[in-house]
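The values are calculated or read from the model by the stated rules, or taken from the named source; none is laboratory data. Just so we're clear, the structure is a prediction, and the values are computed from it rather than from any experiment. Every residue, glycine among them, receives a Cβ derived from its backbone with ideal geometry; neighbour counts consider all protein chains shown. Heads up: the accessible areas ignore ligands, DNA and RNA and are worked out on the full protein's heavy atoms, side chains in. Shrake-Rupley method; radii C 1.70, N 1.55, O 1.52, S 1.80 Å.
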Amino acid sequence: MGEGIKTNGIGIIACSILTVAVVIISVAAIIDGYHEIEEGHVGVYFKFGALQDKTTEPGVHMRQAFVTRTRHVLIRPEEERIQNLEAITKDGIEITFQGIGVLSRTRKDKVVGLIKKFGMDFKKVLIYDRIREDLRIFCAKQTIDQVYNEQFLEIVEAVKKDVEEQIIRLGDGGVEILNLVIPKPDIPQDIALNYKQVKVQWTEQLVAKQQKITEEIKKETELLKAVADARREKEVLEIKIQERIIETEGQRNVSEINNQIVRDKQNNLADIAKYAKDKEAAGNTALYSPEYVKLQVAQSLTNNTKFFFSGQESVLGGLLTKILAKKK
């Protein structure tokens with residue numbers, strides 16, 4: 001009986017230990033399976049070391065405990081600095097680019113494929129290493145003056161275009177270069193001093209050129225002012241001449257009007273005199289009618305006591321002659 005009790009006690013202890021173990025394992029599994037994905041990231045999962053095809057969005061998630069690992073992949077824009085990029089130009093000058101800025105972004109739907117092909121550090125392979133390679137190739141094809149001066153502004157466009165083409169070809173466009181900044185490279189001190197002297201000379205030439213332009217503008221302004229003054233004086237003279245012409249024409253018109261008035265006045269006076277003469281002639285014609293003449297003769301004969309009939313010089317003889325002539 002004692003042995004039975006002992007056996008029962010051992011069984012109970014074993015069951016208790018097993019229960020505790022199960023509880024501990026369950027709690028550990030829950031703790032291990034519970035995980036969070038931060039905003040701006042997606043979660044990818046490796047089960048027994050194999051990458052799974054699914055991705056998870058930001059938030060709280062559960063995974064299969066103990067056999068699955070979670071990795072966070074940034075999909076929002078990310079800025080990276082590339083330091084100490086050394087290159088050699090076509091003419092053998094060693095230069096160094098410091099602080100190349102790259103702003104890039106990963107496409108969410110391409111994350112799994114990029115990791116399978118290039119690993120978790122796929123941006124280094126597709127972007128940063130390609131920028132280093134293309135920038136070195138660009139410098140190797142150009143002289144130091146072309147890289148540092150003449151074609152410096154063309155470097156970004158050339159490198160960015162070539163890297164984007166490689167991203168499409170190698171990575172199916174899974175990452176995007178949003179912005180690329182390439183500063184001027186560090187060049188040997190003696191060459192930098194030469195460029196400084198050239199810059200000083202260029203500045204002096206620029207100042208001289210600007211002074212020449214200023215003088216030309218000043219002379220041109222003076223010429224334009226002189227032309228404007230001459231044109232203004234010409235216009236004023238033309239206005240004065242026009243005023244004189246108008247004044248002369250006005251005076252001539254006034255003279256013509258006055259002459260016309262005088263002519264009209266003289267014509268009126270002549271017409272009045274002619275009219276008076278015509279009236280007088282008409283009146284005389286009407287006055288010296290035969291009856292009037294006979295009456296005047298009779299009155300003359302009545303008033304005179306002596307008559308002289310000889311000759312046309314006498315009054316009666318002259319009158320008789322006129323009467324006889326009218327009758328003929």
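At-a-glance table
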{"quantity": "Computed P(r) (all Cα pairs; segment 152-215; 10 Å bins; percent)", "calculated": "17, 25, 22, 19, 13, 4, 0"}
{"quantity": "Interchain or long-range residues, amide H under 5 Å from G174's placed H", "calculated": "none"}
{"quantity": "FRET efficiency, 1/(1 + (r/R0)^6) with R0 30 Å, evaluated for E157 and A208 via beta carbons", "calculated": "0.35"}
{"quantity": "Environment charge of Q166, counting only residues whose C-beta is closer than 14 Å and scoring Lys/Arg +1, Asp/Glu -1", "calculated": "0"}
{"quantity": "Length released on extending from E86 to I245, taking residue separation times 0.36 nm less the Cα-Cα span", "calculated": "48.5 nm"}
{"quantity": "Label-to-label distance, nm, for residues given as A192 and T96 (7 Å Cα→Cβ offset)", "calculated": "1.0"}
{"quantity": "Efficiency of FRET between L74 and A29 - r from beta-carbon atoms, R0 22 angstrom, step 0.05", "calculated": "0.15"}
{"quantity": "13 Å beta-carbon shell around E235, net charge (K/R +1, D/E -1)", "calculated": "0"}
{"quantity": "Integer Hz, Karplus 6.51/-1.76/1.60 couplings in order for segment 54-59, x for Gly and Pro", "calculated": "8, 10, 10, 7, x, x"}
{"quantity": "Solvent-accessible area, 1.4 Å probe, carbon plus sulfur percent, for segment 142-244", "calculated": "55"}
{"quantity": "Within-15-Å neighbourhood charge of I217 [Cβ basis; K, R +1; D, E -1]", "calculated": "+1"}
